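Report on the structure given below.
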Amino acid sequence: MPTSTSSAPFQPLIALVDCNNFYVSCERVFRPDLLNKPVAVLSNNDGCIVARSQEVKDLGIKMATPVHQVQDLIDHHHIQLFSSNYTLYADLSQRVMQCLEAFSALVEVYSIDESFLDLTGLCQNDPVAYGQQIRQAVFKTTGIPVCVGIGSTKTLAKLANYAAKKWKKTGGVLDLSDPIRRHKLMRLVPVNEVWGIGSQTSKRLQIMGINTVYELACQPIEAIQAQFNIVVARTVMELNGISCMSLEDIAADKQQIVCSRSFKRRLTTYDELAEALASFCSRAAEKLRKQNSVAGSITVFIRTNPYNLNEPQYQRSVHSLLNQATSDTRHIITIAKRLLQDIYRAGYRFQKCGVQLGHIQPSSTPKQVDLFNFTKNPLYSGSNGVALMATIDKINQRFPKGISVSTTGIKNSWQTPVEYLSPRYTTQWKELAIVKCL
């Protein structure tokens with residue numbers, strides 16, 4: 001790894017490494033026959049397109065498009081479809097992040113396919129060459145193609161990455177630490193492509209005559225803060241090379257955890273909804289324990305399809321504060337099912353349900369003992385319950401979906417089997433890729 005002997009302080013240098021069409025790239029790692037061919041990955045229920053290869057994007061198919069709306073294009077262009085294989089994607093993501101750690105002592109994992117790297121003092125003489133080393137190492141190690149954007153702030157690194165993906169002449173790496181190159185690019189990029197500028201803010205900026213990133217960067221900070229808020233003002237500062245967001249090597253704990261799903265087959269009975277809800281509660285509780293937290297509130301919601309005006313419409317949510325914060329899957333499921341009973345109504349075809357855990361706090365926070373919920377079963381109380389959940393999590397980490405936790409048992413009758421699921425090549429012995437030598 002490059003080092004410097006100069007005593008002069010280095011200017012900040014941050015890189016954003018972003019995997020290209022990540023879900024699609026994961027599928028192509030084990031299907032090289034699909035390189036340069038149209039590939040799309042579908043949502044949990046195979047209902048919508050959630051990832052697209054460049055070939056699919058070029059056909060004009062948008063993100064989240066329902067499959068049935070573009071079935072003719074799928075058939076005509078022989079688009080290869082895959083069901084979401086989150087086990088495979090998560091494992092390959094972890095391998096990518098481990099590879100990146102060799103290039104920086106400080107890596108902030110931003111999402112499943114993105115990470116920020118602090119490159120300050122590592123490659124000031126030739127950041128682009130260092131970015132190319134990163135690209136080559138990740139591809140050689142994992143088979144996943146990435147682009148690298150480099151700048152003096154996180155927002156500029158994001159902007160550089162956008163350009164590295166959009167313009168092939170960059171070779172997949174772009175450095176915006178040079179103000180002349182930065183201003184040239186900013187004049188070409190529309191303002192809605194800036195990280196942190198949402199659609200509503202973008203519309204307001206355009207009404208004000210601010211259409212490009214450069215025009216936004218030229219705005220007075222005080223005026224922008226008065227018109228919008230401190231977040232947009234900080235974005236303007238970051239576009240001018242003034243860092244307002246530091247890198248975090250430890251991701252902040254989530255303050256809310258939501259697990260939900262839209263159903264391919266409409267659910268009509270309470271039992272089916274309760275089964276689905278129990279599965280979502282189990283997943284939410286696992287996420288809660290993974291960050292060593294407990295939840296102090298639970299919200300349950302259900303709804304019919306709001307776009308089908310030919311059917312009766314119904315949607316409700318219900319919220320409950322807990323007497324004692326918990327991460328125990330059994331407690332969360334029990335409360336969630338009780339809340340579901342309060343809002344369930346027969347006679348409707350439900351398209352979606354879910355659970356939201358709130359009032360999240362560290363599990364080490366002192367707790368008020370619940371004197372009115374004493375149980376004689378020692379497995380449900382104190383350290384016994386914590387140990388049981390920890391043991392189940394360890395088992396499920398080694399054997400995915402090995403154990404399901406519920407007060408009445410978790411079934412899968414609500415689930416519609418996916419049609420295009422690829423093997424879990426990297427985590428299941430029975431699903432390893434087979435290579436035939438002819």
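Most simply put, the chain has about 85% antiparallel DSSP beta bridges, counting only bridges with both residues inside it.
Ordering 70-83, 146-159, 14-27, 422-435 by mean Cβ neighbour count within 10 Å, with the highest value first, yields 146-159, 14-27, 70-83, 422-435.
A Cβ-based charge dipole, computed about the Cα centre of segment 257-398 with Lys and Arg at +1 and Asp and Glu at -1, lands at about 360 debye. Entry note, segment 257-398: relative contact order of 35 percent, from Cα contacts under 8 Å with a spacing of 6+ residues. When the listed pairs 254/287; 254/290; 154/290; 57/264; 254/352; 290/352 are checked against a 18 Å cut-off, the alpha-carbon distance exceeds it for 154/290; 57/264; 254/352; 290/352.
The phi torsions of segment 67-81, fed into the Karplus equation with coefficients 6.51, -1.76 and 1.60 and a -60° offset, translate into couplings of 4, 5, 6, 10, 4, 4, 5, 4, 5, 5, 9, 6, 6, 7, 9 Hz, rounded to whole numbers, with Gly and Pro shown as x.
Computed from Cα atoms, the angle from the helix 86-100 axis to the main principal axis of the chain rounds to 40 degrees. Below 8 Å, C-alpha to C-alpha, sequence gap of six or more: please give me the relative contact order for the chain in percent. After rounding, I find 16 percent. In the chain, helices alone account for a calculated mean residue ellipticity at 222 nm of -10500 deg cm²/dmol, with every DSSP H run of four or more residues adding -39,500 (n - 2.57).
Cross-link partners for residue 37 among the aspartates and glutamates, with Cα-Cα distance under 15 Å and sequence neighbours closer than 8 places in the same chain left out: 27, 55, 58, 75. What translational diffusion coefficient, to the nearest whole µm²/s, does the chain have by Stokes-Einstein, given a Kirkwood radius computed over alpha-carbon pairs, a temperature of 37 °C and 0.692 mPa s viscosity? This corresponds to a translational diffusion coefficient of 133 µm²/s.
FYI, it's all coordinate maths here, none of it is from the lab. Quick caveat: nothing in here was measured; it's all calculated off a predicted structure. Note that each Cβ is placed from the backbone with ideal geometry, even for glycine, and that neighbours are counted across all protein chains shown.
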